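To start, the structure under review is shown below, and the notes come after it.
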Amino acid sequence: MDILILGGAGQVGTELQAYAWPEGVRVHAPARAALDITSEAAVAGIIAERDWAAVINTAAYTAVDRAESEVAAAWRLNALAPAILAAETARRAIPLVHVSTDYVFDGSGSGAYEPDAPIGPTSVYGASKAAGEMAVRTGNPRHAVLRTAWVVSPHRGNFVKTMLRLSGERDRLTVVNDQHGCPTSAADLAAALATIALRLAEDPDAPTGTFHCVNAGATTWHGFAEAIVAGNARRGGRLIPVEGIPTSAYPTPARRPANSQLSTATLSTAYGITPRSWQAALDDILDRLVGPPTDTTRDITKAIP
C-alpha cells in the first residue's frame with residue numbers, strides 16, 4: 001500500500017513520515033522542489049506514477065501575516081493546489097485527506113466550534129484555506145478535511161520553540177491573553193491523519209466530510225506560554241514571569257480569531273479518535289526538546305510578583 005504525503009518537510013509531514021505505519025504501508029513524501037502542487041501537469045504526473053491508496057495533503061502557505069501582502073501566493077498554495085489535487089485524485093478514485101485551519105472561523109462564537117458551524121474568515125490566510133476546503137469537498141467525494149489549530153512539535157518554527165528561546169533570553173515575557181484555542185501536537189495530528197487515510201483506503205464506506213482534530217482542552221496563548229515556561233523550568237530551564245496582554249497591545253497585519261476552540265466530537269464518533277490533553281502532548285514535546293523533568297515542584301506562578 002502506497003500513500004502520498006504532500007508537505008512532508010513541515011511539522012505534520014515530518015511526523016507522518018516518522019509514524020509507525022502498519023507493515024506493508026509505504027509512504028512517499030516528495031520534496032517541494034521536486035513537485036509543484038500548483039501545477040496541474042506535475043500533480044497529474046505523480047498521481048499517475050502508481051496506484052496510490054490515499055493522498056494526505058499537509059502542504060500550505062502558513063505565513064499568516066505575510067499572506068496579507070502576498071495574496072496570490074497564499075491562494076495558489078491554499079486554494080488552487082487543493083483544487084488540482086481533488087480533481088486528479090477523484091479521477092482515479094483515490095481518497096484525499098486534507099488539513100485545514102481554525103482560521104476559517106471569525107472567532108466571535110462562544111465555546112468550541114463544530115465542523116458544520118458557519119465559517120467567516122477574516123484574513124487572507126483564513127479565506128484561502130476556506131476556499132481550499134471547498135475545492136476538496138466539491139472535487140473529490142472520497143475526502144476528509146481535518147481542521148486543526150495551534151500546531152506545535154519539536155520541528156520547524158512554532159510557539160513552543162519560540163517560548164523556549166525567549167525564556168532563555170529575557171527576564172519576562174508578554175503574551176496575548178484574550179485569544180482562546182486548543183494547542184495541537186503535530187504527532188497526534190499525524191496519527192489521526194494516518195488512521196483516517198488507512199480507513200478510507202481500506203473501507204469504501206468509511207466516513208467522509210469535515211472533522212476537527214486538536215488536543216483536548218483549551219487555553220489562551222498566555223496560558224500556553226506559562227505552561228511551556230513551567231515545563232521547561234521543571235527540566236532545569238529558567239523560571240521567569242509571563243505577563244498577559246490584550247490583542248490590541250500586539251497588533252498584527254492579519255486578524256486572529258478571538259475564539260478558535262474546535263470540537264472533536266464528530267472525529268471521535270466517526271473514527272474512534274479521542275485526543276489526549278494538550279498538557280500531556282506538551283510534556284512529550286518538551287521531553288524531546290529539553291529532556292525529562294528533573295524538578296516536578298516548580299510552579300510558574302511563584303515567579304510572578
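The values are calculated or read from the model by the stated rules, or taken from the named source; none is laboratory data. Note that the coordinates shown come from a computational prediction; the quantities given were computed from them, not determined experimentally. Glycine gets a Cβ as well: all are built from the backbone with ideal geometry, and neighbour counts include every protein chain shown.
What do you reckon, is residue 267 touching a strand residue (DSSP E or B) at 6+ places or on another chain (Cβ under 8 Å) and either part of a loop (DSSP other than H, G, I, E, B) or not β-branched (Val, Ile, Thr) (or both)? In short, yes.
Step by step: first the residues of the stretch 231-251, then only those that are polar (S, T, N, Q) and under 17 Å from residue 180 (Cβ atoms), then the one that is surrounded by the most Cβ atoms within 10 Å (Cβ to Cβ). Which residue is that? Filtering the stretch 231-251 for residues that are polar (S, T, N, Q) and under 17 Å from residue 180 (Cβ atoms), the one surrounded by the most Cβ atoms within 10 Å (Cβ to Cβ) comes out as 247.
Applying the selection to the stretch 164-186, what residues are outside any loop (DSSP other than H, G, I, E, B), crowded, with 21+ Cβ neighbours inside 10 Å and in contact with a Phe, Trp or Tyr (Cβ under 8 Å, 6 or more places away or on another chain)? Matches in the stretch 164-186: 175, 181, 184, 185.
Okay, residues lined up against (1) surrounded by fewer than 19 Cβ atoms within 10 Å (Cβ to Cβ); (2) in contact with a Ser or Thr (Cβ under 9 Å, 6 or more places away or on another chain); (3) not in a helix (DSSP H, G or I):
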| site | (1), (2), (3) |
| --- | --- |
| 189 | no, yes, no |
| 193 | no, yes, no |
| 196 | no, no, no |
| 204 | yes, no, yes |
| 229 | no, yes, no |
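Restricting attention to the stretch 87-124 and to residues that are without any contact (Cβ under 8 Å) to a residue 60 or more places away in the chain and of a type in the set (D, E, K, R), the residue that is surrounded by the most Cβ atoms within 10 Å (Cβ to Cβ) turns out to be 88. Might you check whether a residue that is over 21 Å from residue 286 (Cα atoms) and out of contact with any Lys or Arg (no Cβ under 7 Å at 6 or more places or on another chain) occurs anywhere in the stretch 227-244? For the stretch 227-244, residues over 21 Å from residue 286 (Cα atoms) and out of contact with any Lys or Arg (no Cβ under 7 Å at 6 or more places or on another chain): present. Among the residues of the stretch 86-126, those identified as out of contact with any helix residue (DSSP H, G or I) (no Cβ under 6 Å at 6 or more places or on another chain), of a type in the set (Val, Ile, Thr) and closer than 18 Å to residue 62 by Cα are 99, 122. Selection of the stretch 16-34 for residues being closer than 15 Å to residue 58 by Cβ and either modelled with pLDDT of 95 or more or exposed (fewer than 13 other Cβ atoms within 10 Å of the Cβ) (or both) yields 16, 17, 18, 19, 27, 28, 29, 30, 31. Among the residues of the stretch 192-208, not a single one is among the basic types (Lys, Arg) and under 22 Å from residue 278 (Cα atoms). Give the stretch 86-127 a look and list any residue that's touching a Leu at 6+ places or on another chain (Cβ under 9 Å), of a type in the set (S, T, N, Q) and assigned to a strand (DSSP E or B), or say none. The answer is 100, and nothing else. Scanning the stretch 270-286 for residues that are touching a helix residue (DSSP H, G or I) at 6+ places or on another chain (Cβ under 9 Å) and either part of a helix (DSSP H, G or I) or modelled with pLDDT under 95 (or both) turns up 270, 271, 278, 279, 281, 282, 283, 284, 285, 286. For the stretch 241-251, does any single residue satisfy the condition of being touching a helix residue (DSSP H, G or I) at 6+ places or on another chain (Cβ under 7 Å), closer than 30 Å to residue 67 by Cβ and part of a helix (DSSP H, G or I)? Checking the stretch 241-251: not a single residue is touching a helix residue (DSSP H, G or I) at 6+ places or on another chain (Cβ under 7 Å), closer than 30 Å to residue 67 by Cβ and part of a helix (DSSP H, G or I). For the stretch 243-261, indicate whether the set of residues that are in contact (Cβ under 8 Å) with a residue 60 or more places away in the chain, within 22 Å of residue 185 (Cβ to Cβ) and aliphatic (A, V, I, L, M) is non-empty. The answer is no; no qualifying residue exists.
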